[in-house]
Amino acid sequence: QRMIDLEEKAGLDLPHDTGLEQAILGGYLLNNGFDAYLDLLPSDFYHNNHRLIYEAILAVKARGDVVEGINVAAELEKREDFSEDIGLSYIMMLATNTASIANIKSFAKEVKDMAKLRQAIALAQELIDHAKAKNKIASDVVIDTLSLLTSDATEQKEEKERAIHPESLADEGI
């Protein structure tokens, strides 16, 4: 919900891909919550309905039940998250419209990456809000946060460069 508020407040179109989210959910439904570890959290999904469905899939799988449309819909109903927008017909459509899970890991990585971008945008908006507050504490928070982010980014860039060009380690006497 926070991201949607940010989108409305800042007039931003936040990074997301509805089709990828649907394919991931459909993949779970097609393959009984397959065992591939996708490193996804419910919060990685942009659409709230997809978050709720993913939570229900994880709950059904954790119980050891078959991950299929009826069981997921029943879990949503139990949680009182069942509605026309997120009903059995939508859940069944997810499974029907998913051709295969062949690319599911790359889809999950893309969804995870877009979630990280949305988090970065949210942080940037918080910094903007603090900067607009025009008080000493707010300005200190902004400057400290930006300094920390900049130094972290520089360290990560240098680490990546060392990994790509290990000969530079010899130049540095390491």
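Length, then width, then depth: along the principal axes, the Cα atoms of segment 12-81 run 39, 28, 17 Å.
Note that segment 46-52 has calculated 3J(HN,Hα) couplings of 6, 7, 4, 4, 5, 4, 5 Hz, one per residue in order, obtained from phi through the Karplus relation 6.51 cos²θ - 1.76 cosθ + 1.60 (θ = phi - 60°); glycine and proline are x.
Which value, in Å², gives the accessible area per residue of segment 34-138 when a 1.4 Å probe is used on the protein heavy atoms?
Working: 6170 Å² over 105 residues.
Ligands and nucleic acids excluded, the figure is 59 Å² per residue.
Surface composition of segment 20-61: carbon and sulfur make up 50 percent of the accessible area, probe 1.4 Å.
The values are calculated or read from the model by the stated rules, or taken from the named source; none is laboratory data. Keep in mind that this is a model prediction, so the values were computed, not measured. For accessibility, only protein heavy atoms count, side chains too; no ligands or nucleic acids. Shrake-Rupley method; radii C 1.70, N 1.55, O 1.52, S 1.80 Å.
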